[in-house]
1. Being farther than 11 Å from residue 3 by Cβ, touching a strand residue (DSSP E or B) at 6+ places or on another chain (Cβ under 9 Å) and part of a loop (DSSP other than H, G, I, E, B) is the filter here; which residues of segment 134-164 pass it?
2. Mind counting the residues in segment 107-128 that are crowded, with 16+ Cβ neighbours inside 10 Å and assigned to a helix (DSSP H, G or I)?
3. Among the listed residues 98, 16, which satisfies the condition of being outside the structural domain of residue 141 (by TED's automatic domain parsing), touching a residue at least 12 places away in the same chain (Cβ under 8 Å) and assigned to a helix (DSSP H, G or I)?
4. Before we move on, is residue 63 crowded, with 23+ Cβ neighbours inside 10 Å, assigned to a helix (DSSP H, G or I) and not assigned by TED's automatic domain parsing to the domain that holds residue 13?
5. Out of the residues in segment 1-48 that are loosely packed, with under 14 Cβ neighbours inside 10 Å and over 22 Å from residue 222 (Cα atoms), state the one that is nearest to the chain's Cα centre (by Cα).
6. How many of the residues in segment 57-97 are over 23 Å from residue 2 (Cβ atoms) and in contact with a helix residue (DSSP H, G or I) (Cβ under 6 Å, 6 or more places away or on another chain)?
């Protein structure tokens, strides 16, 4: 059976449901309002978009029709909640699921970026683990990912998801490897670009560790908001 084709909004909301199921399981499944807030947050999203309950309600309805979302109506609860069914519908293991979600949330990324960012959802022990997982997604009968050429000024290959082909411009990814405005692509320093990529991946892993510690202590995630917001 061919993979469902998703709109950019469907990819964002499905990615959010996958992310929150693993990073904040005590607050999952999500209400429409919680899903709208998560889809609109400034960190770990590209591009940044604003969502309201009505918009997310339409997206949830569409995702339910594609078998990717399930509505949960708990006894005594006024608000319906929603959870994803992507693992079952698409036949994905957890590593494949988190990498696909990260690609849906932020667009094309390098191995280092994917490891650093997706590890906040599930451990990815090495770049080879990420590469092998991507190969599994790319080598399926109906591929869910593809490899892209390096960004200007970089030698690191990038990867993109294929479920929502219009969600991100493949030549304008939210990547730390883009050439600085003051440099043309032909004069960008590839060594500096690779170093920035590695540093961003390390920062993402540290943020994930801090978030987990805060969750275990019952405290809000101190990396969300303020000075920690990533540029849009």
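1. Once the filter is applied, which keeps residues that are farther than 11 Å from residue 3 by Cβ, touching a strand residue (DSSP E or B) at 6+ places or on another chain (Cβ under 9 Å) and part of a loop (DSSP other than H, G, I, E, B), segment 134-164 yields 149, 150, 151, 154, 156, 157.
2. Qualifying residue count, segment 107-128: 8.
3. On the way: 98 fails: outside the structural domain of residue 141 (by TED's automatic domain parsing).
So the residue among 98, 16 that is outside the structural domain of residue 141 (by TED's automatic domain parsing), touching a residue at least 12 places away in the same chain (Cβ under 8 Å) and assigned to a helix (DSSP H, G or I) is 16.
4. Working: crowded, with 23+ Cβ neighbours inside 10 Å: yes; assigned to a helix (DSSP H, G or I): yes; not assigned by TED's automatic domain parsing to the domain that holds residue 13: no.
Spelling it out, it is not the case that residue 63 is crowded, with 23+ Cβ neighbours inside 10 Å, assigned to a helix (DSSP H, G or I) and not assigned by TED's automatic domain parsing to the domain that holds residue 13.
5. The qualifying residue nearest to the chain's Cα centre (by Cα) is 5.
6. 2
The values are calculated or read from the model by the stated rules, or taken from the named source; none is laboratory data. It should be emphasised that the depicted structure is a prediction, and the values quoted were computed from it without experimental measurement. Note that each Cβ is placed from the backbone with ideal geometry, even for glycine, and that neighbours are counted across all protein chains shown.
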